[in-house]
Amino acid sequence: MATTRRTFLKTAVWLAGASALGFSARKAKPRLAFSTLGCPTWPLSKIVKTAVDERYEAVEIRGLEKEMYLPKRPEFSTAIAETRRLFADNNLKLCNLGASSNLHYMDATRRQKNMDEARRFIDLAGQLTCPYVRVFPNDLPKDQDRQQTIDLISANLLDLGQYAKGANVTVLLESHGEVVWKDLLVQIMQKAEHPNVGLIWDIFNMWSITKEPPAEVYQTLKKYIRHTHIKDGSMVAGKPAYTFIGKGEAPLKEAIDALKAGGYSGYYSFEWEKMWHPEIPEPELAFADYPKAIQSYF
């Protein structure tokens, strides 16, 4: 009886531990998406099929068949209902629309053009029940006062956040261009505080320029981070040379460990920059590799 009781207790403890480990493993499974920047010539049907076949949860639309202004495409203008149905029928989410809007222009005409584009994307996201629209900060031109440009980026971002509230959309500023330093980004975000404003953390994009430790970046910006762009590579002659995940120099482990510890629950969106770097491997290979490669960090 004593032996049986000890065996029972040991078994119970083991099962409890195994159950906890199983729960932990399920909890740690990342939410995966990919950007259409990685497949610039694909039709929407192939994008959706690939996402389903490779077990992604969502797709981030950054251009379609080399058209970057989505409202020019019928899938995002006259055939929006069919697009929504295509994603719903495949149990797939639209997680972000990537606008090309830059928020740094002081010239009234250029500023208006970029703000109008951002608002059009916000309207489109609302129609698609897509939670996010990405915009760029983007530069700090030498012919503009630096602090005035920073304040303008914040003001434009806040304006877009207020507009997006009516569409139930959040506008995300991506760490991009000359605006990639954590202290600069937090300054902008603090001045644009709004429930419908957030940040995309492009880990490699920032680190390749600033070399700021990702753990410090996350601690500074975690309040604002809603979405991430994941890619890997190394710098060759001052330019990025992209690789599959885990094959480059990006400090992804430090960054993902910080995200996990901080309770980040958003998407880990694979941004394979095939549109801008046609020499890198084909999207079929990259999109198949990413889910397996990223899982090693979890």
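Tabulated values for the structure
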| read-out | value |
| --- | --- |
| Residues being open to solvent by less than 20 Å² (accessible area, probe 1.4 Å) and either at positive phi or among the charged types (D, E, K, R) (or both) - total across the range 252-273 | 1 |
| Output for the range 26-44, where each listed residue is at pLDDT 95 or above and either in a helix (DSSP H, G or I) or under 21 Å from Ala79 (Cβ atoms) (or both) | Thr36, Leu37, Gly38, Cys39, Pro40, Thr41, Trp42, Pro43, Leu44 |
| Residue satisfying all of: in the range 219-246; in a helix (DSSP H, G or I) and open to solvent by 10 Å² or more (accessible area, probe 1.4 Å); farthest from Ala293 (Cα to Cα) among these | Thr220 |
| Evaluation of Trp207 against (1) within 23 Å of Trp272 (Cα to Cα); (2) outside any helix (DSSP H, G or I); (3) of a type outside the set (Asp, Glu) (one fails), failing number | (2) |
| Given (1) among the acidic types (Asp, Glu); (2) open to solvent by less than 50 Å² (accessible area, probe 1.4 Å); (3) in a helix (DSSP H, G or I), index of the condition Glu82 fails | (2) |
| Single residue of the range 159-187 satisfying the filter (closer than 20 Å to Val217 by Cα and either free of Cβ contacts under 8 Å to residues at least 12 places away in the same chain or in a helix (DSSP H, G or I) (or both)) that is most open to solvent (accessible area, probe 1.4 Å) | Asp183 |
| Qualifying residue in the range 207-217 (condition: in contact (Cβ under 8 Å) with a residue 12 or more places away in the chain, closer than 22 Å to Phe121 by Cα and buried (at least 17 other Cβ atoms within 10 Å of the Cβ)) | no |
| Residue in the range 130-140 that is in a loop (DSSP other than H, G, I, E, B), open to solvent by less than 10 Å² (accessible area, probe 1.4 Å) and touching an Asp or Glu at 6+ places or on another chain (Cβ under 9 Å) present | yes |
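The values are calculated or read from the model by the stated rules, or taken from the named source; none is laboratory data. It should be emphasised that the depicted structure is a prediction, and the values quoted were computed from it without experimental measurement. Methodologically, a virtual Cβ is constructed for each residue, glycine included, from the backbone with ideal geometry; neighbour enumeration extends over all protein chains shown. For the accessible areas, the whole protein counts, side chains as well, though only heavy atoms, and no ligand, DNA or RNA atoms are used. Shrake-Rupley method; radii C 1.70, N 1.55, O 1.52, S 1.80 Å.
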